[in-house]
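The values are calculated or read from the model by the stated rules, or taken from the named source; none is laboratory data. Keep in mind that what you see is a predicted model, and the values were worked out from it rather than measured. Protein only, heavy atoms only, side chains kept; ligands, DNA and RNA dropped before computing areas. Shrake-Rupley method; radii C 1.70, N 1.55, O 1.52, S 1.80 Å.
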Amino acid sequence: MSNFKIFSTGIVAIALSLATGCTPTTPHDQTTSEAPSAVPVQGTESPSPTASPTASPTTPGQNTPSSSDKQFMTEAAQGGLAEVQLGKLASKRGASNAVKQYGQRMVDDHTPVNNQLKQLAAQKGVTLPTKLNSTNKQVQQRLSKLSGADFDRQYLNQMLQDHEKDVSAFQTEAQQGQDADVKAFAAEKLPTLQSHLQQVRSLVNPGNSTSTSTPSSTSTPTSTP
């Protein structure tokens, strides 16, 4: 019996030692599982703010012309409308064949240019005029009441003033324009306008086209009405 008591107490002691030996491992596991979880959360979010600001500034203003480019397009469209409308008038009411032919040339040359400018404006989001403004309307009404040599003289003088302004505006845009497409449009159409100006000068002052080519720029500001 004494041996059995010793054996049973020994088993109890072993069981107690095993029980106490297992308990320290559980708090150890809790600390290791909690510690790493806080570290990776911030590491994944930090690169994202740097990627977004760099992409946005390049796109928004790329296809938008400057205010001076828009003004050029608007004035060129208004001038083109006037050239076509007054050209139609001249082809019907002109007394001389030269004036009739010049008027028809205005219709033939400016119509495709006006259409090209419309397409360019649509790409740039610029709204162009579709009707004559009050100034050009008054010119049209005044010329429509004239006939014969009087009409020819007034029409040619009007075309001289208009094309001096047009050539100056297209030259400025071709040299100083900020939108590459609008600038290229002005440079492409400038030779045609210079040809129109040269022709109307020769009609207004036959034989004197070379001498009148120099004062053209100075006469532009005085002939604004």
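Tabulated data for the structure shown
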read-out: Net length gained if the chain between T192 and Q176 were fully extended (0.36 nm per residue, minus Cα distance); value: 3.8 nm
read-out: Average accessible area per residue (Å²) across the range 97-136 - probe 1.4 Å, nucleic acids and ligands excluded; value: 57
